[in-house]
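Trainee: For reference, the structure I am asking about is given below.
The values are calculated or read from the model by the stated rules, or taken from the named source; none is laboratory data. Just so it is clear, the structure is predicted and the values come from calculations on it, not from any experiment. Cβ placement follows ideal geometry from the backbone for every residue including glycine, while neighbour counts extend to all protein chains displayed.
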Amino acid sequence: MTNHSPQLLWRNSSTLESVFVVVMGTFAEKSIALVLVLLAASAMLPALLPCSAELQRFEHPIKPDGSLSLLVIGDWGRNGTFNQSEIAFQMGRTGQELNIDFVISTGDNFYENGLTGVDDKQFEESFTNVYTAKSLQKQWYSVLGNHDYRGDVLAQLSPILRNIDSRWLCVRNFILNAEFVDFFFVDTTPFVQTYWINPEEHHYDWRDVAPRETYISNLLKDLDIALKESTAPWKFVVGHHTIRSVSDHGDTAELSAFLLPVLKANGVDMYINGHDHCLEHISSNDSPIQYITSGGGSKAWRGIFVPNVDKLQYFYDGQGFMSMQLTREVAEIAFYDVFGRTIYKWSTSKLRHQAA
């Protein structure tokens, strides 16, 4: 198979001594404390950490005409069942039409309980043997979902999987630069407190992220620095969990409390996620942020709708995927159903977006 490896640009391995003290108590108290400490610490960071934040950075080239095309799919890995194979077929057709450059996965890559290890055949049965279209033989950039944490998380992060299928790239938190756009990939599962204190019958693999408070504060610090350093006209953040949603899972309180203030403070254009098994677009009422859900990669049709405080632009309670077509001036998204039909389109210009 062709090597689709992006270029790894840099990683700063130095570690800032812990300056975050998270106040224990109620969830609301911890939310407020963490945000306040982050803001206070940010004033110290130029002196303490003059170099870039500890996020791996990858680079992907744009087309010669100055454009970029990609697909976004989430919540998919079910060995081809629940219409996963049909969605994959339609992704292949759309990918060919748009001449896509890469694919983004918004997490819950392998159901129900992630991978058991790097030799788990589900990797091939749910990924390699399903997304076989020629147009999909491009780099896949992936984040982890909560179902992935129920298995061996380190297996999905292992370079061994790239030896099996070179398309696969899954890193816990990283930046993807494509000249005029920066994608910031964020591992959101550790944010959700209930997975830690009330996992029910499930086991979550917290290796390399425990303790939770340290993980969250360090990630927010690094993300804040990286967003401030970004000179790309477009800034998109990709995570698994919803910030805003009208479907089954609804809003994620921890992301609204911890992550959203950092996104708003740094002019993020879109937050792209999975988790809810649907397609939806919600516009923020108090910022330019667009909340985009693409989680219809396999099992869907939850039959749940809960109104949201922000402006709902579109909601499709079913299976499907999303495309993005970008230039320096214009961003366009489109949703497709299981039959490959375009069911929604929306676009914005950078000038209009900045004015808003």
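Residue-by-condition table, conditions (1) in contact with a Pro (Cβ under 8 Å, 6 or more places away or on another chain); (2) more than 29 Å from P61 (Cα to Cα); (3) hydroxyl-bearing (S, T, Y):
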{"site": "I100", "(1), (2), (3)": "no, no, no"}
{"site": "G107", "(1), (2), (3)": "no, no, no"}
{"site": "K121", "(1), (2), (3)": "no, yes, no"}
{"site": "F127", "(1), (2), (3)": "no, no, no"}
{"site": "T132", "(1), (2), (3)": "no, no, yes"}
{"site": "V143", "(1), (2), (3)": "no, no, no"}
{"site": "H147", "(1), (2), (3)": "no, yes, no"}
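Trainee: Taking P233 and the conditions (1) touching a helix residue (DSSP H, G or I) at 6+ places or on another chain (Cβ under 6 Å); (2) under 19 Å from N146 (Cβ atoms), which numbered condition does it fall short on, given that it satisfies the others?
Mentor: Here P233 clears every test but (2).
Every residue, every condition in (1) under 24 Å from G77 (Cα atoms); (2) in contact with a helix residue (DSSP H, G or I) (Cβ under 8 Å, 6 or more places away or on another chain), yes or no:
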site	(1), (2)
H241	yes, yes
S245	yes, no
G250	yes, no
F258	no, yes
A265	no, yes
M270	no, no
I282	no, no
S287	no, yes
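Trainee: Give me the pairs: first residue in the stretch 250-278 and closer than 17 Å to V309 by Cβ and surrounded by fewer than 18 Cβ atoms within 10 Å (Cβ to Cβ), second residue basic (K, R) and modelled with pLDDT of 95 or more, beta-carbon distance under 9 Å, and six or more apart or on different chains, which are they?
Mentor: Listed by first residue and then by second, the contacts come to G250/R244; S256/R244.
Trainee: Of all residues being out of contact with any helix residue (DSSP H, G or I) (no Cβ under 9 Å at 6 or more places or on another chain) and either within 28 Å of S67 (Cα to Cα) or hydrophobic (A, V, I, L, M, F, W, C) (or both) in the stretch 128-142, which is surrounded by the most Cβ atoms within 10 Å (Cβ to Cβ)? Just the residue, please.
Mentor: Y141
Trainee: Could you check E179 against (1) crowded, with 19+ Cβ neighbours inside 10 Å; (2) touching a residue at least 60 places away in the same chain (Cβ under 8 Å); (3) of a type in the set (D, E, K, R) and say which number it fails?
Mentor: So E179 meets the others, but not (1).
Trainee: Answer with yes or no whether S245 is touching a residue at least 60 places away in the same chain (Cβ under 8 Å) and surrounded by 18 or more Cβ atoms within 10 Å (Cβ to Cβ).
Mentor: Against the criterion (touching a residue at least 60 places away in the same chain (Cβ under 8 Å) and surrounded by 18 or more Cβ atoms within 10 Å (Cβ to Cβ)), S245 qualifies.
Trainee: Shifting gears a bit: Do you know which residues across the stretch 167-212 are in a helix (DSSP H, G or I) and aliphatic (A, V, I, L, M)?
Mentor: I197
Trainee: Looking at the stretch 270-308, which of its residues are outside any loop (DSSP other than H, G, I, E, B), over 15 Å from the mean Cα position of the chain (by Cα) and small (G, A, S)?
Mentor: Answer for the stretch 270-308, where residues must be outside any loop (DSSP other than H, G, I, E, B), over 15 Å from the mean Cα position of the chain (by Cα) and small (G, A, S): just S283.
Trainee: Could you grab me the full set of residues in the stretch 228-250 that are more than 26 Å from I62 (Cα to Cα), in contact with a Phe, Trp or Tyr (Cβ under 6 Å, 6 or more places away or on another chain) and either modelled with pLDDT under 95 or not hydrophobic (A, V, I, L, M, F, W, C) (or both)?
Mentor: Correct list: R244 only.
Trainee: Looking at G297, is it modelled with pLDDT of 95 or more, in contact with a His (Cβ under 6 Å, 6 or more places away or on another chain) and either among the acidic types (D, E) or within 30 Å of F339 (Cβ to Cβ) (or both)?
Mentor: For G297, the condition - modelled with pLDDT of 95 or more, in contact with a His (Cβ under 6 Å, 6 or more places away or on another chain) and either among the acidic types (D, E) or within 30 Å of F339 (Cβ to Cβ) (or both) - is not met.
Trainee: Can you find, within the stretch 317-341, the residue that is nearest to F102 (Cα to Cα) among those that are of a type in the set (F, W, Y) and in a strand (DSSP E or B)?
Mentor: F321
Trainee: Return yes when I225 is among the hydrophobic types (A, V, I, L, M, F, W, C), surrounded by fewer than 17 Cβ atoms within 10 Å (Cβ to Cβ), modelled with pLDDT of 95 or more and farther than 18 Å from P288 by Cα and no when it is not. I'd like the intermediate steps shown before the answer.
Mentor: Details: among the hydrophobic types (A, V, I, L, M, F, W, C): yes; surrounded by fewer than 17 Cβ atoms within 10 Å (Cβ to Cβ): no; modelled with pLDDT of 95 or more: yes; farther than 18 Å from P288 by Cα: yes.
So I225 fails the test.
Trainee: I need the full set of residues from the stretch 68-120 which are crowded, with 21+ Cβ neighbours inside 10 Å, closer than 21 Å to L154 by Cα and of a type in the set (A, V, I, L, M), in order please.
Mentor: Across the stretch 68-120, the qualifying residues are I104, L115.
Trainee: Every residue in the stretch 229-247 that is of a type in the set (V, I, T) and outside any loop (DSSP other than H, G, I, E, B), please. So that I can check it myself, show each step before the final result.
Mentor: So the first thing to find is which residues in the stretch 229-247 are of a type in the set (V, I, T), and the list is 231, 237-238, 242-243, 246.
If the condition is that a residue be of a type in the set (V, I, T) and outside any loop (DSSP other than H, G, I, E, B), then V237, V238 are the ones that fit.
Trainee: Further, regarding this structure: So, in the stretch 150-173, exactly how many residues are farther than 18 Å from G117 by Cβ, crowded, with 23+ Cβ neighbours inside 10 Å and out of contact with any His (no Cβ under 9 Å at 6 or more places or on another chain)?
Mentor: The number of residues fulfilling the criteria is 0.
Trainee: Taking the stretch 303-328 only, how many residues are free of Cβ contacts under 8 Å to residues at least 60 places away in the same chain, touching a Phe, Trp or Tyr at 6+ places or on another chain (Cβ under 9 Å) and surrounded by fewer than 19 Cβ atoms within 10 Å (Cβ to Cβ)?
Mentor: 4
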